[in-house]
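To start, the structure under review is shown below, and the notes come after it.
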Amino acid sequence: MSITVVGIGPGGAPDMTEAAVRALSRADVVAGYHYYLPFVRPLLKPEAEIIGSAMRQERDRVQAALEAAAARPEAEVVVVSSGDAGIYGMAPLVMEQRARMGLEHIEVTVVPGVSAFQKAASLLGAPVGHDFCVVSLSDLMTPWPLIERRIIAAAEADFVTAVYNPRSTKRYWQLPRLKELFLQRRSGQTPVGFVRNAGREGQEVALTTLADFDPGQTDMFTVIIIGNSQTFVRGGKMITPRGYYNREETDAASVGQDIMMRSFRTIAAEMRSPDIPLDLKWAMLHAIHTTADFDMEEAVKADPDALQRIYDTLTAPDGERVIVTDVTMAASGIRKGALERLGVEVKCYLNAPEAVEMARRLSITRSQAGIRIAAERHPRALYAFGNAPTALMELCSLMRRGEAHPCGIVAAPVGFVHVCESKLMVKTFTEIPKIIVEGRKGGSNLAATLVNAILCRPDASQLRPGRDV
């Protein structure tokens, strides 16, 4: 006395497993949704009894199948389920109904099938190559608040996410809400693929991005797959890497670079506003990595394309190729490997004898004196401030008098006196590309890491920091 729950795949005969075909060919009684029965009818015996019913009548046809199995112990009873019988399929209902009817003596066998998201994934390329989850937007049996919690969890955990039951005539707002929740946590450039009627007549396959995805193009027969932060599109195929190439590169590169790369990916996945210009995002990633402070998302500001503009000028054949810092601690945090690779020097005149003498003679701070000397010797250098607001204010005064023309400014002095004012002063020089840590926060470590972000600007598009660690 038994019943077999058969996953028939997405619908086409080529996607059925041999085990499913064998079970169907032996069936004496077959119960299924009337939409799916035509897919399997050619495989059935002519005399097989058919128990068909409409959608939302699943409990009735499962009950009928269990009753047939109980009344005809010798019969092969099959319950048909689209896709895989255990994934939003009929297997859980058969087992639950069997217990409720007190028919535990009936043996239940589950024959797996190709799930709709697997078929859709194969048509899109290889989008589920890493950790993934599947979410149904049908709230017929699951409250929407619970579904929304699961959507948020999937988005925040950087899962590749397959979406079932995305849209129907009555459920038109849930999918736009899912898109809204993902955009709050993922980049708008995240690849999205969707397939309608996967493996069936009228199959449609489309690729887009999260920002451009139009929920109105989907229906109940559509499966959507949203990539993770590493998913990319090449040659018209959606690909989520497993990490093999990263592993090879880690073997050849330093352990420090590997840790830094993984840290940056973690930060990017947890940022509140991931869909921001690349220049600004690159600066923020470095700042958050250095401080472990996600408030840097609000504090770090950059002029449009500031990092790229500074990098291009600093490394140009006729560029100054000099970075001036206000204090030696900021200078020590700038990557030596990057400086050597680019042929750039770091200068700090804080402790130079002439700066000490000038500070004494003019009753100014040594950091101010150091900047005066630097501006005279390197007027077109990149200037980075991580400690002394008076030094930043001094540079502003020199720029106003036309005595300094820096290729860029990193403004991250820290403290409580004149700090905010110095940053407001430098904002007025709109023609000079700047990176500013607003408010009281800052420090030599921040100034150095933002300079490092500039020096490795070509690596930003692939989020691959640490080349010169």
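Of the residues making up the stretch 242-252, not a single one is in a helix (DSSP H, G or I), out of contact with any Phe, Trp or Tyr (no Cβ under 7 Å at 6 or more places or on another chain) and at pLDDT 85 or above. Which number in (1) open to solvent by 20 Å² or more (accessible area, probe 1.4 Å); (2) in contact with a Leu (Cβ under 6 Å, 6 or more places away or on another chain); (3) at pLDDT 95 or above marks the one condition that Thr315 misses? Checking Thr315 against (1) open to solvent by 20 Å² or more (accessible area, probe 1.4 Å); (2) in contact with a Leu (Cβ under 6 Å, 6 or more places away or on another chain); (3) at pLDDT 95 or above, the one that fails is (3).
When Tyr383 is tested against (1) open to solvent by 40 Å² or more (accessible area, probe 1.4 Å); (2) outside any loop (DSSP other than H, G, I, E, B), only condition (1) is not met. Within the stretch 343-363, restricting attention to residues that are crowded, with 18+ Cβ neighbours inside 10 Å and out of contact with any Phe, Trp or Tyr (no Cβ under 9 Å at 6 or more places or on another chain), the residue that is farthest from Phe385 (Cα to Cα) is Met358. Looking at the structure I just gave you, is Asp326 at pLDDT 95 or above, open to solvent by 30 Å² or more (accessible area, probe 1.4 Å), among the acidic types (Asp, Glu) and touching a strand residue (DSSP E or B) at 6+ places or on another chain (Cβ under 6 Å)? In short, no. Can you spot a residue in the stretch 442-454 that is in a loop (DSSP other than H, G, I, E, B) and surrounded by fewer than 24 Cβ atoms within 10 Å (Cβ to Cβ)? Yes, the conditions are met somewhere in the stretch 442-454.
Against the test of being at pLDDT 85 or above and among the hydrophobic types (A, V, I, L, M, F, W, C), the options Met296, Met261 yield a single qualifying residue, Met296.
One line per residue, one yes/no per condition, for (1) surrounded by fewer than 16 Cβ atoms within 10 Å (Cβ to Cβ); (2) more than 19 Å from Arg200 (Cβ to Cβ); (3) at pLDDT 95 or above:
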| site | (1), (2), (3) |
| --- | --- |
| Gly11 | no, no, no |
| Pro14 | yes, no, no |
| Ser25 | yes, yes, yes |
| Val29 | no, yes, yes |
| Tyr33 | no, no, no |
| Phe39 | no, no, no |
| Ala48 | no, yes, yes |
| Ser53 | no, yes, no |
| Gln57 | yes, yes, no |
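All conditions in (1) surrounded by fewer than 18 Cβ atoms within 10 Å (Cβ to Cβ); (2) modelled with pLDDT of 95 or more; (3) more than 23 Å from the chain's Cα centre (by Cα) hold for Gly113, with the sole exception of (1).
Would you mind stating whether Gly113 is within 30 Å of Ala157 (Cα to Cα), in contact (Cβ under 8 Å) with a residue 24 or more places away in the chain and not polar (S, T, N, Q)?
Criteria met by Gly113.
The combined condition, being touching a His at 6+ places or on another chain (Cβ under 7 Å) and part of a helix (DSSP H, G or I), is fulfilled by Met393. For Ala374, the test of being open to solvent by less than 20 Å² (accessible area, probe 1.4 Å), closer than 16 Å to Cys407 by Cβ, modelled with pLDDT of 95 or more and not basic (Lys, Arg) is passed. Filtering the stretch 300-339 to residues that are free of Cβ contacts under 8 Å to residues at least 40 places away in the same chain and part of a helix (DSSP H, G or I) leaves Asp312, Thr328. When the stretch 117-172 is filtered for residues that are closer than 17 Å to Ile225 by Cα, of a type in the set (S, T, N, Q) and either surrounded by fewer than 22 Cβ atoms within 10 Å (Cβ to Cβ) or over 18 Å from the mean Cα position of the chain (by Cα) (or both), the ones remaining, listed by number, are Gln118, Ser122, Ser136, Ser138, Asn165.
One residue stands out in the stretch 59-79 among those that are in contact with a Ser or Thr (Cβ under 9 Å, 6 or more places away or on another chain) and of a type outside the set (A, V, I, L, M, F, W, C): the one that is surrounded by the most Cβ atoms within 10 Å (Cβ to Cβ), namely Arg61. Considered as a group, the residues in the stretch 88-108 that are under 39 Å from the mean Cα position of the chain (by Cα) and open to solvent by 60 Å² or more (accessible area, probe 1.4 Å) include one that is farthest from Ile8 (Cα to Cα), and that residue is Glu96. Contact annotation: residue pairs with Cβ atoms under 9 Å, 6 or more positions apart or on different chains, pairing a residue in the stretch 274-296 that is over 15 Å from Val410 (Cα atoms) with a partner that is aromatic (Phe, Trp, Tyr) and open to solvent by 40 Å² or more (accessible area, probe 1.4 Å), are Ile288/Phe294. Here the condition is being free of Cβ contacts under 8 Å to residues at least 12 places away in the same chain and under 16 Å from Gly113 (Cα atoms); of Pro38, Pro92, Pro46, it holds for Pro92 alone.
The values are calculated or read from the model by the stated rules, or taken from the named source; none is laboratory data. Treat the numbers as computed from the prediction; the structure is a model and nothing was measured. Every residue, glycine as well, gets a Cβ built from its backbone with ideal geometry; the counts of neighbours run over all protein chains shown. Only protein heavy atoms, including side chains, enter the accessible area calculation; ligands, DNA and RNA are left aside. Shrake-Rupley method; radii C 1.70, N 1.55, O 1.52, S 1.80 Å.
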